[in-house]
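Single-structure report; data block below.
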Amino acid sequence: MYSMLTERQEAILDFVREYQRSQGVAPSTREVARQFECAQPTALQHLQRIARKGELEKLADGKWGFKGTI
């Protein structure tokens with residue numbers, strides 16, 4: 001069942017979307033952690049929760065983003 005995103009998750013999702021759009025690749029967990037001033041394990045938890053809600057997926061290169069064009 002789809003769950004709504006928290007404000008923090010929405011901000012992370014927006015960051016990933018914009019980063020991937022401007023850079024052509026998804027950000028690493030480290031880049032997400034740096035952007036949101038949190039530890040990498042915390043950033044990873046957020047990314048995993050967003051993915052469980054169907055908004056992101058883990059890509060072949062191990063980063064979290066969107067397949068195809070966004």
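Here are some notes:
- Each of 46, 32, 62 was placed along the dipole of the range 23-63 (beta-carbon charges, centred on the mean Cα), and the one lying farthest toward the positive end is 46.
- Cut-off 20 Å, label 7 Å out along Cα→Cβ of residue 61, residues of the range 18-38 by amide N: 18-36
- When the trypsin sites (Lys or Arg not before Pro) in the chain are filtered for DSSP coil states and for at most 10 other beta-carbon atoms within 10 Å of their beta-carbon, the remaining sites are 67.
- Dividing the mean sequence gap of close Cα pairs (under 8 Å, 6+ apart) by how many residues the range 1-66 holds gives a relative contact order of 37 percent.
- Highest-MSF residue in the chain out of 48, 23, 35 [GNM, Cα springs under 10 Å]: 23
- Loop-located GluC sites (Glu not before Pro) in the chain (DSSP state not H, G, I, E or B) with no more than 10 neighbouring Cβ atoms inside 10 Å: 37.
- A straight Cα-to-Cα reach below 19 Å connects residue 58 with the aspartates and glutamates 10, 14, 18, 31, residues fewer than 8 places away in its own chain not being considered.
- Highest-fluctuation residue, 43, 11, 26 considered, GNM on the chain with Cα pairs under 10 Å: 11
- Equivalent ellipsoid, the chain (semi-axes from 5 times Cα gyration tensor eigenvalues, Å): 16, 15, 11
- Rounded to the nearest 20, the size of the Cβ-charge dipole of the chain about its Cα centre is 200 debye, with Lys and Arg at +1 and Asp and Glu at -1.
- In this structure residue 28 has an accessible area near 30 Å², from a 1.4 Å probe over the protein heavy atoms.
- Point-to-point label distance, residue 52-residue 39, nm (Cα→Cβ direction, 7 Å offset): 1.9
- Across the range 11-22, coupling constants 3J(HN,Hα) worked out from phi with the 6.51/-1.76/1.60 Karplus curve, θ = phi - 60°, read 5, 5, 4, 4, 4, 4, 4, 5, 4, 5, 5, 7 Hz, and Gly and Pro carry x.
- From phi via Karplus (6.51, -1.76, 1.60), per-residue ³J(HN,Hα) for the range 43-54 in Hz, x at Gly/Pro: 4, 4, 4, 4, 4, 5, 5, 5, 5, 4, 7, x
The values are calculated or read from the model by the stated rules, or taken from the named source; none is laboratory data. Being a predicted model, the structure only gives us computed values, none of them experimental. In this analysis, Cβ positions are derived from the backbone assuming ideal geometry, glycine residues included, and neighbour counts consider all displayed protein chains. Side chains included, ligands, DNA and RNA excluded: accessible areas come from the protein's heavy atoms. Shrake-Rupley method; radii C 1.70, N 1.55, O 1.52, S 1.80 Å.
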